[in-house]
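What follows draws every value from the coordinates through simple rules; no lab data is involved. For clarity, every value in this text was computed on a predicted model and none was experimentally measured. Every residue, glycine among them, receives a Cβ derived from its backbone with ideal geometry; neighbour counts consider all protein chains shown.
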Amino acid sequence: MRIAFSGTANSGKTTLLKSFLYTWSNFSTPEKTYRDMLVEKELDHSSSTTTETQSEVMNFMVDQLFENSKDDCVVYDRCPLDSVAYTLWSNDKNKEGFTKEFVTEQITLCKESLRNLDVIFLCKFDEKEGVKEDGSREADLQYIKEVDNIFESLYQQYMQNPQADVFYPKDDSPAVILLPNGTQERIDLLAEYITPEGGMYGDEHSILNPNNLDELESLVKQQQSALESEKKEKELFAKFGLSDDRNSDYNLQP
């Protein structure tokens with residue numbers, strides 16, 4: 001199984017990854033991360049990101065996904081969907097170079113690469129935990145919350161219309177599962193999807209089986225705290241210029 005932990009900065013992904021690898025020791029994670037690449041190439045990132053950075057990050061993440069097959073047990077700290085979230089934030093802020101054409105290109109690359117993932121587990125930012133500064137990641141609370149809202153919008157688009165073919169590959173999308181707050185709570189939920197051996201529970205019983213989508217939706221709703229689905233979807237369309245019928249081009253910032 002190929003899975004990824006996604007979410008804004010300071011949402012507990014790295015801590016979860018370590019706990020996950022301890023619990024499921026037959027999984028591996030790439031030794032080199034996009035963070036290593038950013039340091040090697042001395043690229044600006046986070047709220048100071050550039051189109052060069054986003055292109056390098058996207059290409060790095062896409063290449064990593066193609067290095068593994070569906071039979072591998074591998075877990076990633078972030079995936080191309082994360083890169084898209086930061087690109088969308090930059091477009092919304094009218095940052096130089098983040099044109100409609102650039103964003104559309106990045107979305108297309110992401111969408112096609114997601115065929116090489118089975119599940120994306122989304123980590124939300126928990127404001128109660130606050131922001132932990134380590135000198136290498138973004139610590140601006142407003143920025144973190146803004147990106148977190150973009151991830152929530154991307155999640156809502158998946159939940160409400162996964163066949164829309166906007167951000168996810170039609171008929172071949174990984175499942176996108178929202179995790180609760182708290183590392184142990186997240187591990188407990190992951191255990192409902194992943195067997196001790198590192199596979200999915202049998203297709204006939206798996207929550208990820210298309211025949212059990214109602215059960216999945218019910219579980220997700222229990223985990224969410226009154227998400228305003230319709231409002232968030234409209235915010236996504238308004239913020240990024242997506243048409244309501246999902247069939248027209250992305251009308252993003254010029």
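Please find, among Leu17, Leu21, the residue that is surrounded by 16 or more Cβ atoms within 10 Å (Cβ to Cβ), hydrophobic (A, V, I, L, M, F, W, C), touching a strand residue (DSSP E or B) at 6+ places or on another chain (Cβ under 8 Å) and farther than 19 Å from Glu152 by Cβ.
Leu17
Can Ser46 be described as among the small types (Gly, Ala, Ser), crowded, with 16+ Cβ neighbours inside 10 Å and within 18 Å of Asp118 (Cβ to Cβ)? Spelling it out, it is not the case that Ser46 is among the small types (Gly, Ala, Ser), crowded, with 16+ Cβ neighbours inside 10 Å and within 18 Å of Asp118 (Cβ to Cβ). Looking across Lys128, Lys32, one residue alone is in contact (Cβ under 8 Å) with a residue 12 or more places away in the chain, basic (Lys, Arg) and surrounded by fewer than 18 Cβ atoms within 10 Å (Cβ to Cβ). It is Lys128.
All conditions but one from (1) closer than 25 Å to Asn149 by Cβ; (2) of a type in the set (Val, Ile, Thr); (3) under 17 Å from the mean Cα position of the chain (by Cα) apply to Val75; the one that does not is (1). Scanning segment 58-70 for residues that are under 19 Å from Thr99 (Cβ atoms) and either touching a Lys or Arg at 6+ places or on another chain (Cβ under 9 Å) or surrounded by fewer than 19 Cβ atoms within 10 Å (Cβ to Cβ) (or both) gives a single hit, Asn59. Only one entry of Ser47, Ser11 meets the criterion of being farther than 14 Å from Ser83 by Cβ and either in a helix (DSSP H, G or I) or free of Cβ contacts under 8 Å to residues at least 40 places away in the same chain (or both), and that entry is Ser47.
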